[in-house]
Amino acid sequence: MGMRRPTKTFRLVATLLLGAALALGGCSEQLGSAPGSAPTRIAFVPKVDGIPYFQAMNTGGLEAAKQLGVEWSSVGPKTVDPDAQVSIVRDLIAKKVDVIVVAPNDPAALAPVIAEARTKGIHVLTSDTDAPGTQREVFVNQASAQGIGTALTDALMKRTGGTGEYAIVSCGPAAANLNTWISVQKEYAAEHYPKAQLVETLYAGEDQDTATELAKELMVRHPALTGLVGECTTSAPGVAKAVREQQKIGQVFTVGVGTPQAIKPYLLDGSCSQSVLWNVESLGYLTAWTAKQVADGKPLQPVNKVSLELPAVKYDATSKTVLLGDPLLITADNVDQFKY
């Protein structure tokens, strides 16, 4: 008996099944190669590698990466040489990461390479330290300059009685955030503590030992000195150590921007009166979250629910700045609440 010819119904079903199979095959191929199908790659470039502050930021970024489904990496220079940061950013451009986040040592030095990244379609944010005047898209700010500057000044003047000579030991001379805080401190002190005199501002890079030596020199050069401000997380313990080693606890008071565990010994022995900071791990988390929003093309809102711990993060569209919140005041009483 000869083979029966396929019926019209059979041919129709076969055609539909074949079409569906081809469509599914084409769809799966498109899904596999579609832009954005791979996790967003975020690379963070801190001011310098290996210090507790940026390690804490990295911890927060890694935690966010787990929760948000992105890739987070941190690669920083061994020194605060601006050229070293530029070199790292160029390398990340070559690797075609999706987002570069940088805490600039020198905003002017980074401006051309930020522009280069943007022309190649790579998003660029700043965090911890801004690069105003560049093509960065968003600045993730830890706290307002006004809040940090006034808190540092009030903390020191509370111990000195609002009088006497004091000095500042900062880090990089071109660091925009530190210079802005110092400007606030000068203006605020002149208005509220006119009997206090800022005698010198020195720069130790991001090196604690250098900060200690500079603080000792300041105490020799200014025998009447009653206060020292450590403007960054390496100079804060550095100036406190100098006071301890010179046996001037109770004579020269120090405050600074110190990470909790690094500043803890000096808070406990009184060589540091108070640290003004913020939750550094939360800053890292917020940085990763913001980077993903930008990469996904999601507009930032005036108030953003980032996480349970960060339910109302503000965004200023004019300055393109995300603000973590108010400064955190760290004392001997609460320092053990923070593990970094």
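The values are calculated or read from the model by the stated rules, or taken from the named source; none is laboratory data. Note that the coordinates shown come from a computational prediction; the quantities given were computed from them, not determined experimentally. Here Cβ is always computed from backbone atoms with ideal geometry, including for glycine, and neighbour counts include all displayed protein chains. Please note that ligands, DNA and RNA were not included when accessible areas were found on the heavy atoms of the full protein model with its side chains. Shrake-Rupley method; radii C 1.70, N 1.55, O 1.52, S 1.80 Å.
Report, by residue number, each residue of region 45-67 that is open to solvent by less than 70 Å² (accessible area, probe 1.4 Å) and of a type in the set (Lys, Arg).
Lys47
Quick check on region 56-68. Is at least one of its residues polar (S, T, N, Q), under 26 Å from Leu328 (Cα atoms) and more than 14 Å from the chain's Cα centre (by Cα)? Quick ask: steps written out before the conclusion?
Just the residues of region 56-68 that are polar (S, T, N, Q), to begin with: 58-59, 67.
Then keep just the ones that are under 26 Å from Leu328 (Cα atoms); that gives 58-59, 67.
Filter once more, so that each one left must be more than 14 Å from the chain's Cα centre (by Cα): 67.
Scanning region 56-68, I find at least one residue that is polar (S, T, N, Q), under 26 Å from Leu328 (Cα atoms) and more than 14 Å from the chain's Cα centre (by Cα), so the answer is yes.
Which one of the conditions (1) out of contact with any Asp or Glu (no Cβ under 8 Å at 6 or more places or on another chain); (2) open to solvent by 30 Å² or more (accessible area, probe 1.4 Å) does Lys320 fail to meet, given that it meets all the rest?
All conditions are met except number (1).
For region 165-198, what are the residues that are open to solvent by 30 Å² or more (accessible area, probe 1.4 Å), of a type outside the set (Lys, Arg) and farther than 22 Å from Leu110 by Cα? Break it down stepwise before answering.
Going residue by residue through region 165-198, those that are open to solvent by 30 Å² or more (accessible area, probe 1.4 Å) are 165, 173-174, 179-180, 183, 186-188, 190-195, 197-198.
From the residues that got through so far, the ones that are of a type outside the set (Lys, Arg) too are 165, 173-174, 179-180, 183, 187-188, 190-194, 197-198.
Of everything in region 165-198, those that are open to solvent by 30 Å² or more (accessible area, probe 1.4 Å), of a type outside the set (Lys, Arg) and farther than 22 Å from Leu110 by Cα turn out to be Glu165, Ser183, Glu187, Tyr188, Ala190, Glu191, His192, Tyr193, Pro194, Gln197, Leu198.
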